[in-house]
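Participant: This is the structure I want to talk about, given as C-alpha cells.
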Amino acid sequence: MRDLSNFKGCPAPQPVTLKGRFVTVEPYVREQHLQALWDGLGGVAINPLLRYFSQPDFAGIEDFSNWLHSVYAKSGWLTHIFRDNNTGKIVGMANYMRADPANGVIEVGGVAHGPDMKRSPLSTEAHYLMAKHIFEVLGYRRYEWKCDNLNEASKTTAARYGFTFEGVFRQHMISKGRNRDTAWFSMIDSEWPVLNAAFEAWLSPGNFDADGKQKRRLEDIRAELSKESAA
C-alpha cells in the first residue's frame with residue numbers, strides 16, 4: 001500500500017501518444033481524425049454500437065463531431081483514437097475522463113471498438129497502454145471503468161482486463177429516456193504490477209501462434225501471476 005503521508009496529487013491528464021506493437025493511441029484532432037474515426041466505427045452503424053451511451057442517436061457525422069466537441073468543452077473528456085499499426089486505419093476510441101488529480105482517480109470511458117478491433121489484440125493493447133500511462137507516468141491511485149449495467153459485453157471486457165467489479169449504482173442517470181443503473185469497476189495502483197505483468201505476457205509474440213491466435217488467456221496468466229505474488 002502506498003504511503004500517502006506526502007501524497008500531493010497527480011498531474012491532470014493531457015493528450016498523449018502511446019505506441020504499442022499492434023496499436024497506437026493518439027489524441028483526437030477533429031481536422032485529422034473525424035472522418036476516419038466515423039468510418040472506423042461504422043458510419044451510421046455507430047448508433048447500434050453506442051446504444052449504451054447516454055447521448056441521442058447521431059443523425060450523421062456532424063452530430064458525432066459536435067458530441068465529441070461538447071464532451072471535451074463541457075466535461076473535459078480527452079478523446080484518444082486507436083490506430084492499427086499494420087493498416088494505419090483508425091479502429092476505435094476511448095477517453096480519459098472525470099479526472100480527480102487531487103485524489104489520484106481517473107476514469108476511462110466513452111469506449112468504442114470498431115469492427116476491425118474484433119478478434120484481435122488491438123483493444124487489449126490499447127487499454128493496456130492507457131492504463132500503464134495513468135499508473136506509471138502520471139502516478140494515479142485508481143483507474144475506473146463504468147458502464148450501463150445492461151451492457152454485458154462491456155462488463156465482460158472490464159473483468160477480462162483486470163478491473164474489479166465494485167457494485168451497481170441504481171438509477172444513476174437517465175439515458176435515452178430510460179433509467180440507467182451503472183456498473184462500477186476499478187483497478188488500483190497496488191494491483192498494477194501483477195496486471196501489468198499479465199498484459200505484457202499476453203501481448204508478447206510468444207503468446208500467439210502462426211495464425212495470430214492466443215495460446216494463453218489473459219485471465220489465466222493473471223491468475224497464475226496473482227498466486228505467485230501471494231506465495
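Quick note: the coordinates plus some simple rules give every number you see, no bench work behind them. The shown structure was predicted, so the numbers you read here are calculated from the model rather than taken from an experiment. Virtual Cβ from ideal backbone geometry, glycine too; neighbours counted across all protein chains shown.
Participant: What's the local net charge at Met93, with K and R +1, D and E -1, over the other residues with C-beta under 11 Å away?
Facilitator: 0
Participant: Also, quick follow-up: What order do you get for Tyr143, Tyr52 when you list them from fewest to most C-beta neighbours inside 10 Å?
Facilitator: Tyr52, Tyr143
Participant: Quick query: amide H of Cys10 versus all other amide H atoms, modeled in the peptide plane; which residues come in under 5 Å with a sequence gap of 5 or more or a different chain?
Facilitator: Ala102, Gly104
Participant: Given springs between every Cα pair under 10 Å in a Gaussian network model of the chain, which of Asp181, Asp209, Asp100 has the largest fluctuation?
Facilitator: Checking each option, the largest mean-square fluctuation is seen for Asp209.
Participant: As a check on your grasp of the helix formula, calculate [θ] at 222 nm for the chain: sum -39500 (n - 2.57) over DSSP H runs of n ≥ 4, divide by the residue count, round to the nearest 500.
Facilitator: Theoretical 222 nm ellipticity from helices: -10000 deg cm²/dmol.
Participant: Taking θ = phi - 60°, what integer Hz values does the Karplus form 6.51 cos²θ - 1.76 cosθ + 1.60 yield along the range 85-101, in sequence order, with x for Gly and Pro?
Facilitator: 5, 6, 9, x, 7, 7, 10, x, 7, 7, 10, 7, 8, 6, 5, 10, x
Participant: How about the range 91-151: which trypsin sites (Lys or Arg not before Pro) there are in a DSSP loop, with at most 11 other Cβ atoms within 10 Å of their Cβ?
Facilitator: Here the sparse-neighbourhood loop sites are Lys118, Arg119.
Participant: What list of ³J(HN,Hα) values in whole Hz, one per residue of the range 23-33 in order, does the Karplus curve 6.51 cos²θ - 1.76 cosθ + 1.60 (θ = phi - 60°) give from phi, with Gly and Pro shown as x?
Facilitator: Working through the residues one at a time gives 9, 10, 8, 10, x, 5, 10, 3, 5, 8, 10 Hz.
Participant: Can you give the local net charge around Ser175? Use residues other than it whose beta-carbon is closer than 13 angstrom to its beta-carbon, Lys and Arg +1, Asp and Glu -1.
Facilitator: Net charge around Ser175: +2.
Participant: Once you've got the GNM for the chain with C-alpha springs shorter than 10 Å, pick whichever of Phe53, Phe22, Phe208 has the biggest mean-square fluctuation.
Facilitator: Phe208
Participant: Turning to a different aspect of this structure: Would you mind checking the pairs Lys89/Lys213; Lys8/Lys146; Lys19/Lys132; Lys89/Lys146; Lys89/Lys118 and listing those with alpha carbons more than 18 angstrom apart?
Facilitator: Lys89/Lys213; Lys8/Lys146; Lys89/Lys146
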